[in-house]
Amino acid sequence: MDIKIPENELEMIEGSDLLKRVLELKKSGFRFSQANAALIDGNFELSYSFSDYETYGLHTLRIVTDTEQEIPSITQIVPAAVFYENEMKELYGVKIKMIDLDYRDKLYRIRQTAPMGKQKTEE
Amino acid sequence: MALMKFAPEALKNLFMKPATKMYPNEEPVYPEGSRGHVKISIDDCISCGMCVRACPNGALKVDRNAGTWTIDRFDCIACGYCVLKCPKKCLFMEKGYQVPGPEKKEDTYTKSPEVLAAEEEKRRIAAMKAAEAKAAMEAKASEEKKG
Amino acid sequence: MGKRSVIPFGPQHPVLPEPIHIDLVVEDEKVVEAVPSIGFVHRGLESLAEKKDFNQLVYVAERTCGICSFQHGMGYCEAVEHIMGLEVPRRAKFLRTIWAELSRIHSHLLWLGLLADGFGFENLFYQCWRIREKILDLHELTAGGRLIFSVNKVGGVIKDIEGDKLDTILSTLDEVDDELRVIRSVFFEDRTVLSRLKGVGILSKEQINDLGAVGPFARASGVRVDMRMLGYAAYDELSFVPIVSNDGDCYARCFIRMMELFQSIKLIREAIGKIPAEKDLEVPVKGNPDGEYFMRLEQPRGEAFYYVKASGKPILDRMRIRTPTFANIPALCEMLKNTEIADVGLLVLTIDPCVSCTER
């Protein structure tokens, strides 16, 4: 086999640069793979992964922010991100504004709001 | 494009023996190593509790003093992690799945009286030795204080 | 132009084994918009990851999905092994490959059966599942479970497949191969099948890339991607090329999965031929993982993501599973536009939806 696992690239960015970088990556032939949130030491870590299916490379944008900051939605650029952003919003309570198709915390039918978010750690 | 492509196969199936078994009437045959349920040879158990800590589901309970090993058969997911973790290798994975029932129930296995008595004896001796050692230490300490 | 009305599809529907709900906005018989909603079977497995230690989590990860159970366990283990820098023995890698391909065969056969059931060909459905039964028996013979294998652990595999069992696999695969050739000609040539599948639900390569679809669904539209090319497990020592079609319709999706069955059989034969004789199955695991990794692997339904982040404690900070169906649903809704309402059930089936693992 000729293709070997390329190193996963991780790029730290600010929340305000997100849309710009996503647009640049999309222009250079990457496609959106996944987005997820994690709560590490009281801060949100948001990862947006993009992959290049020609070289099998994986490029991840990482935003570390406090739990109150608003993050712009990337669904205008990448329609595929709808579910991922709704999930981040619902499970962690990440404040994402202007999602194309906002389920308003009704993506999963769960009773709690933001069960994996900040509220849980305070308990 | 062809019509009735599957007809020969369907006709063949019509005259073949059934591919399924009449399950409850006919005993199923499990291959060697099938993960059905957990079995314990309780007299080899040392009540260390490794299986309790390993179980991803919290289906196991061990009582060291009473010498019992309890499993909630309906919580057990038959993953075999307790079997892997057991230091005395007294847990086994046996063939045959847990049969369904109207309510959840636990199975408790108790060590035989001889083993329990031997363990009690061992504990008593250990406690005695510990007490002796402690007394000796204290005596030594008080002597040192005097000296 | 007719009046618009909304028809709910699911969560209970004859073609769906699992609950997914789609609101179909229809004009006469044509679907103009589809709004999906999931969430009926959310189990919170990612939340559970914060309560179990990383060795127990293998069994949690495996139970994400009943059909691609083995590959979930493998993906999680490979991610943790990568963080800890463990080099798994070669025999364990080959065993993982063999099991992964066996579960791919059984998953694709399940799907082909459901598809046949979806377009009303009951006989073919029974035939597919009857062949699948032989593969399930192989699972139980080699791993001990018919669907949930529980043979993976961080650092290797628990069980070995001994020599005579490998021979059993080979002889069973020969039988399966012969039987598959019969149903292949039915799926590819029969008029009933072709009239339901040809030219239905076409998606272009650009649409697939925009909407992020993965797996056989994407390959049917000409996206040349197969995560096995990354060479995880023992795939770097086996030779294969991704099967790609340019048609982008339901027939192409059926074609891809059918051909992948034969590809999997070939891969298993090759892996059994090359399997090393040394008996090492695992490497000892010392300490706790510290770091993070994105693991990608090709499941029967497509590319799955495992994100593991650990900070030197036995309990992981975050485990995230992105299953293929989660990525395929946006593309599904795009595909449903401008189709007849009678085709909706079939189109939903062609992405091979696995809703329980989507919601984890």
Worksheet entry | Filter result (loosely packed, with under 13 Cβ neighbours inside 10 Å and either closer than 19 Å to C:A331 by Cα or not hydrophobic (A, V, I, L, M, F, W, C) (or both)) within segment C:1-31 | C:G2, C:K3, C:R4, C:S5, C:P8, C:Q12, C:P14, C:D28, C:E29
Practice prompt. Select, from C:A79, C:A49, C:A61, C:A92, the only residue that is aliphatic (A, V, I, L, M), farther than 18 Å from C:L332 by Cβ and modelled with pLDDT under 85.
Written response: C:A49
Item to complete: Could you list all residues from segment C:269-293 that are without any contact (Cβ under 8 Å) to a residue 40 or more places away in the chain and within 14 Å of chain A (Cβ to nearest Cβ)?
Response: C:E270
Worksheet, complete the sentence: When (1) over 27 Å from C:E50 (Cα atoms); (2) surrounded by 23 or more Cβ atoms within 10 Å (Cβ to Cβ) are applied to C:I341, the one that fails is (2)
Worksheet item: Do we find a residue being over 30 Å from C:N288 (Cα atoms), without any contact (Cβ under 8 Å) to a residue 60 or more places away in the chain, open to solvent by 40 Å² or more (accessible area, probe 1.4 Å) and β-branched (V, I, T) anywhere in segment C:132-152?
Response: no
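Considering only residues that are of a type in the set (G, A, S) and at pLDDT below 85, look in segment B:55-77 and name the one that is surrounded by the most Cβ atoms within 10 Å (Cβ to Cβ).
Step one: list which residues in segment B:55-77 are of a type in the set (G, A, S), which gives B:58-59, B:66-67.
Pick out the ones that are also at pLDDT below 85 and you get B:58, B:66-67.
Details: B:G58: 10, B:A66: 13, B:G67: 20.
Filtering segment B:55-77 for residues that are of a type in the set (G, A, S) and at pLDDT below 85, the one surrounded by the most Cβ atoms within 10 Å (Cβ to Cβ) comes out as B:G67.
Looking at segment A:33-123, what strands (runs of 3 or more DSSP E) fall wholly within it and have at least 3 residues that are out of contact with any helix residue (DSSP H, G or I) (no Cβ under 6 Å at 6 or more places or on another chain)? Lay out the reasoning, then the answer.
On the way: elements: A:43-52, A:57-65, A:70-72, A:95-97.
Result: A:43-52, A:57-65.
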Discussion item. Condition first: among the small types (G, A, S), at the interface with chain C (Cβ under 10 Å from one of its Cβ atoms) and closer than 22 Å to C:E334 by Cβ. Can you find one or more residues in segment A:51-70 that meet it?
Written reply: yes
Worksheet item: Quick one: in segment C:197-213, which of the residues that are open to solvent by less than 10 Å² (accessible area, probe 1.4 Å) and either facing another protein chain (nearest Cβ under 10 Å) or without any contact (Cβ under 8 Å) to a residue 12 or more places away in the chain (or both) is farthest from C:V186 (Cα to Cα)?
Response: C:G212
Item to complete: Take C:V41 and decide whether it is β-branched (V, I, T) and at pLDDT 85 or above.
Response: no
Worksheet item: With respect to B:Y30, is the statement that it is open to solvent by 50 Å² or more (accessible area, probe 1.4 Å), part of a loop (DSSP other than H, G, I, E, B) and closer than 18 Å to C:G144 by Cβ true?
Response: yes
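For segment C:153-164, give me the residue count where each residue is open to solvent by 40 Å² or more (accessible area, probe 1.4 Å) and within 12 Å of chain B (Cβ to nearest Cβ). It would help to see each step written out before you state the result.
Taking segment C:153-164 first, the residues open to solvent by 40 Å² or more (accessible area, probe 1.4 Å) are C:153, C:158-159, C:162-164.
Filter once more, keeping what is within 12 Å of chain B (Cβ to nearest Cβ): C:153, C:158-159, C:162, C:164.
Result for segment C:153-164: 5.
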Worksheet item: Pairs under 7 Å by beta carbon, first residue within 14 Å of chain A (Cβ to nearest Cβ) and in a loop (DSSP other than H, G, I, E, B) in segment C:230-250, partner surrounded by 17 or more Cβ atoms within 10 Å (Cβ to Cβ) and among the charged types (D, E, K, R), six or more apart or different chains?
Response: C:Y232/C:E78; C:A233/C:K93; C:A233/C:R96; C:A234/C:K93; C:L238/C:E270; C:P242/C:R219; C:P242/C:D226; C:V244/C:R219
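The values are calculated or read from the model by the stated rules, or taken from the named source; none is laboratory data. Just so it is clear, the structure is predicted and the values come from calculations on it, not from any experiment. Using ideal geometry, Cβ is built from the backbone for each residue, glycine included, and neighbour counts are taken over all protein chains shown. In case anyone asks, the SASA skips ligands and DNA or RNA and just uses the protein heavy atoms, side chains included. Shrake-Rupley method; radii C 1.70, N 1.55, O 1.52, S 1.80 Å.
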